[in-house]
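What follows is a single structure, written as structure tokens, with notes after it.
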Amino acid sequence: MSKVQYDLHDRIAVVTFTNPPVNGINHEIRAGLSRAVEQALSDPGVDGVVITGGGGNFSAGADIREFGTPQAAGSPDIAGVIARIEASAKPVVAAITGVCMGGGLELAMGCHARVAHRDAILALPEVTLGLLPGAGGTQRLPRAIGVEQALHMITSGERRRAEEFTGTALINEVTDGPPLAAAIAFAQAAAASGHPLRRLRDVTLDAAAAEPAIRQARDTIRARQPRLQAPPACVDAVAASVTMPMDEGLALERSLFMSLLDSAQSRALRHAFAAERAAGKVEGLPDGIATLPVKSAGVIGAGTMGRGIAMVLANAGIPTVLVEANPDALAAGMAAIRQTYETATARGRMSADAAGRTLSLISPVLGYDTLGSVDLVVEAVFESMQVKADVFAKLDAVCKQGAILASNTSGLDLNRIAALTSRPQNVIGLHFFSPPVQMKLLEVVRGAATDPEVLATAMALARRLGKIAVVSGVCEGFIGNRMLGRYSAAANELVHMGAEPQQVDQALQDFGFAMGLFRVSDLAGIDIAHAGRLRRAAANPGTPLAPAFTDRLYEAGRLGQKTGSGWYRYEPGQRQPIPDPKVTAMLAEWRREHGMTPRAVSDKEIVERCIYALVNEGARILADGIAQRSGDIDVVYLNGYGFPRFRGGPMHYAAEVGLPRVVATLRRIASESPADAAFWTPALLLEDLAARGAGWPASARIP
Ligand code: 3HC
Ligand code: NAI
């Protein structure tokens, strides 16, 4: 069946385009729309046209899957189709339901009127893909809703409901039901009235009145997103809507769009978008596999993580029992939960009613008796195999058959935990990140015995909880923390070599990280990293613990922000890190004691070593089948570790640099650091791909 359908309703041609899943506008749709519009315009039996999308959505915009293919450049282009519609002598009306975004909204704005269901979602989200609206959106939206609002929508990509635009030139009529009949009536009335058609291009904007909003948008972007290319380009294009005639504005928009489309930033952001959607697809899970019901849950431990996980579950409407061993910890956990909802209410993020209802879904208890009926338990007790073994033995005894038993462990052997129960097939890792309510990432750890249905249920649950799930196999630290160990070792090596912690942090922040590694370390606590180091050493008796300066900080009681000093010092009650000459002196002494002559380290070297350490371990993780695909590793780093989104994640970044260049640099570092040669030697997979001139493999099966 054709993707563009043409029907006649009482002298109005109804053109319906359908391209699942979200009616992305590709070459076939553009050509079909163009043909349909020409047919309607040349047919004397047709007085007007309604354009609508099939399957419940208008359109999510240009078909992202077509970017970079020869079809993308195929004629007609979307701007040409829109120009033809706008120039039509017969009225053309868009009937909008579901999503109407990007090129979809641009198409609708080329029509002479728009009739939308009140809940239709309107947005120009191109900026989130490192682009700007390239089919007239930057010229027509300001003419429809004013420069200030248009700047906000275009530079943020924010989604708005159609109803909010009632009374503006963007939406002529909202409907409670399907908008098609109202759109047909609108087209008939417009044709019958004989009035000139309203074209957004004919609106003239007041340049002087728009100037303050444009200046403010530029200043805000410069301050908040100084490294991004798309937002200032969006402002330049919108500014053209007030300073240039329509066609010149369109030409400027087009040239800015084309140069962004070809930029590394846009490639990275488009990769991030696609990788996040691909991460939800699990290799080897049959399509349509049944998932288990999760109607109620239990969380064990009301500490930092447990209280947050209980809130995440309750926020999704799941009644949750919060179990503690320690009454004071339970009271403290519940007090923190209550406080969070009170703050949300006070700040207007939640109504008092909704906060009360959500809070009432969390039932604090001491003891395990109430867990007999729950569908899922998430364990978040101390990171100790002994404590976890005790908890899982209790869960095995009280939980009903078929209940999912999940652990939030950061890196303990999930297979060992599973083997401690009589039902390892029901055991899975749900590794939330701190703080669980805010952090989007969820590592779903698939044990050797985990049942496919349990895995599928965890992935579906993640979506319900609003999380981005990535499947990881079992290994020390799973995907994220295993790589973090290498990143942290590389950063530590840099200060051993001669860099100051603040130089390392600044170089990483200039690369785009929100915070450098040592600032993060001070925030998380140097004692946590220290305990992790000792645990890893105990787990790998063959590998002696390499001396690290961080132990000196630990021994000096400099545990980070919580003790007022760590890698930096902190004024009482302040979180701003201040470089500390004491650390410089301690480092100098440590280097002397270890026979190390400090040398100057460049910012380039800092970035190379830190990022390539991540990439090298990522390649090993892929080769080991711990991650399904390189994109999954990127999703973990983008959503769990503050890796700059505009770089696409460590694996995408490496591909952008070129794997042969990454390998050559790793080899050079390995030859310069004989003591750490094993650490820096390129992973075999990386060597192999670079030698073959190949990119990352499409998928790596978890064994
Ligand atoms: N083209 C092709 N496929 C698209 C698409 C698009 N524009 N937008 C989303 N999809 C696909 C997704 O890849 C996913 O595919 P999958 O099922 O194979 O994984 C499917 O649609 C569903 O997407 P989500 O999982 O994101 O589903 P949600 O319901 O959560 O969200 C959405 C739907 C709101 C449409 C969201 O996908 C979205 O924000 N899409 C991006 C829209 C966008 O950025 N449009 C601008 C495109 S650029 C453009 O138009 C250029 C123009 O200015 C010239
Ligand atoms: P925490 O120390 O803040 O809280 C642990 C809680 O478990 C304490 O309140 C303790 O009283 C309770 N507890 C101990 N034994 C218990 C038992 N037998 N029954 C019931 N409650 C018991 O620890 P945190 O930080 O919340 O960590 C919990 C788990 O989450 C650990 O496995 C940790 O590795 C993991 N994790 C921690 C992250 C973090 O940033 N803190 C991030 C991701 C995972």
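The values are calculated or read from the model by the stated rules, or taken from the named source; none is laboratory data. From a predicted model like this one, the values you see are computed outputs, not experimental measurements. Using ideal geometry, Cβ is built from the backbone for each residue, glycine included, and neighbour counts are taken over all protein chains shown. What goes into the accessible areas is simple: the full protein's heavy atoms, side chains included, and nothing from ligands, DNA or RNA. Shrake-Rupley method; radii C 1.70, N 1.55, O 1.52, S 1.80 Å.
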ask   = With contacts defined as alpha carbon pairs under 8 Å and 6 or more residues apart, what's the relative contact order of region 1-43 in percent?
value = 36 percent
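Tally up the carbon and sulfur contribution to the accessible surface of region 168-263 as a whole percent, 1.4 Å probe, everything protein left in place.
Values: 2930 of 5200 Å².
Roughly 56 percent, rounded to a whole number.
Work out the P(r) tail for region 388-471: percent of alpha carbon pairs separated by more than 22 Å, whole number. Before the final figure, lay out each step's value.
Values: 766 of 3486 pairs.
So the pairs more than 22 Å apart make up 22 percent of the total in region 388-471.
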ask   = Given the chain, what percent of its DSSP beta bridges are antiparallel, to the nearest 5?
value = 25 percent
query = Using alpha carbons only, how many degrees (0 to 90, rounded to 10) separate the axis of helix 230-243 from the longest principal axis of the chain?
reply = 20 degrees
ask   = Given a Förster radius of 56 Å and the C-beta distance between K562 and A698 as r, what FRET efficiency does 1/(1 + (r/R0)^6) yield to the nearest 0.05?
value = 0.80
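Sorting check: for 40-46, 663-669, which peptide has the highest mean count of neighbouring beta carbons within 10 Å, and how do the rest follow?
663-669, 40-46
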query = Where does helix 27-42 land angle-wise versus the long Cα axis of the chain, in degrees 0 to 90, nearest 10?
reply = 20 degrees
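So, with a 1.4 angstrom probe, what is the percent of accessible area on region 341-469 that is carbon and sulfur?
Values: 2940 of 5460 Å².
Roughly 54 percent of what the probe reaches on region 341-469 is carbon or sulfur.
How do 403-411, 213-221, 93-101, 485-493 rank on mean C-beta neighbours within 10 Å, highest first?
Values: 403-411: 24.7, 213-221: 16.7, 93-101: 26.4, 485-493: 21.9.
Listed from highest to lowest mean packing, they are 93-101, 403-411, 485-493, 213-221.
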query = So if R0 is 41 Å, what FRET efficiency would Q509 and A207 give, r being the distance between their Cβ atoms, rounded to the nearest 0.05?
reply = 0.60
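Relative contact order for region 605-650 using alpha-carbon pairs under 8 Å, separation at least 6, rounded to a whole percent? Don't jump to the answer; show the numbers that get you there.
Working: 27 pairs, mean separation 14.4, N = 46.
Relative contact order for region 605-650 comes out at 31 percent.
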ask   = So how long is each side of region 406-558 along the principal axes, counting just the alpha-carbon atoms, biggest first, in Å?
value = 51, 36, 23
inquiry  = I'd like to know which of A677, P232, V203 lies farthest towards the positive end of the charge dipole of the chain, counting +1 on Cβ of Lys and Arg and -1 on Cβ of Asp and Glu.
reply    = A677
message = What FRET efficiency comes out for K440 versus D43 if R0 is 45 angstrom and r is the Cβ-Cβ distance? Round to the nearest 0.05.
response = 0.35
inquiry  = Sorting check: for 376-387, 130-141, which peptide has the highest mean count of neighbouring beta carbons within 10 Å, and how do the rest follow?
reply    = 130-141, 376-387
request  = Compute log10 of I(q)/I(0) for the chain with the Debye formula, placing one identical point scatterer on every Cα and leaving out solvent, at q = 0.05, 0.10, 0.11 Å⁻¹, to two decimals.
outcome  = -0.30, -1.10, -1.24
inquiry  = Projecting each Cα onto the charge dipole of region 561-702 (Lys/Arg +1, Asp/Glu -1 at the beta carbon, about the Cα centre), which of V601, G625, P697 comes out farthest on the positive side?
reply    = V601
query = Which value in Å is the Kirkwood Rh of region 169-252 over different Cα pairs?
reply = 16.0 Å
request  = Give me the number: length gained by fully extending A73 to K604, i.e. 0.36 nm times residue separation minus the C-alpha to C-alpha distance, one decimal in nm.
outcome  = 187.4 nm
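Can you give the accessible area per residue of the chain, in Å², using a 1.4 Å probe? Could you put the intermediate results ahead of the total?
Working: 29400 Å² over 703 residues.
Dividing the accessible area of the chain by its residue count gives 42 Å².
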task = With a point put 7 Å past each Cα toward its Cβ, work out how far A691 is from L285 in nm, to one decimal.
result = 3.6 nm
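Sort R201, R416, R609 by heavy-atom solvent-accessible area, probe 1.4 angstrom, most to least.
On the way: R201 70, R416 140, R609 5 Å².
Sorted descending by solvent-accessible area, the residues read R416, R201, R609.
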request  = May I have the count of lysine pairs in the chain with C-alpha atoms under 29 Å apart, counting pairs 8 or more residues apart or located on different chains?
outcome  = 21
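How much of the DSSP beta bridge set in region 347-484 is antiparallel, as a percent to the nearest 5? Walk me through the numbers on the way to the answer.
Working: 4 of 16 bridges.
For region 347-484, the DSSP antiparallel bridge percentage is about 25.
Leaving ligands, DNA and RNA out of it, report the carbon-plus-sulfur percent of the accessible area of region 519-580 at a 1.4 Å probe. Walk me through the numbers on the way to the answer.
Numbers: 1950 of 3470 Å².
The nonpolar share, carbon plus sulfur, comes to 56 percent.
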ask   = Which length gain, in nm to one decimal place, applies between S373 and K582 when the Cα-Cα distance is subtracted from 0.36 nm times their residue separation?
value = 69.6 nm
query = How high is the relative contact order of the chain, in percent, counting Cα pairs under 8 Å that sit 6 or more residues apart?
reply = 9 percent
ask   = So what's region 29-173 giving for Cα Rg divided by 2.2 N^0.38 Å, two decimals?
value = 1.00
Angle between the chain longest axis and helix 526-539 axis [Cα atoms, degrees, rounded to 10] = 70 degrees
query = Can you list the HN-Hα couplings for region 414-430, worked out from phi with the Karplus curve (6.51, -1.76, 1.60; θ = phi - 60°), rounded to whole Hz and with x for Gly and Pro?
reply = 5, 5, 5, 4, 4, 5, 7, 10, 8, 9, x, 5, 9, 9, 8, x, 10
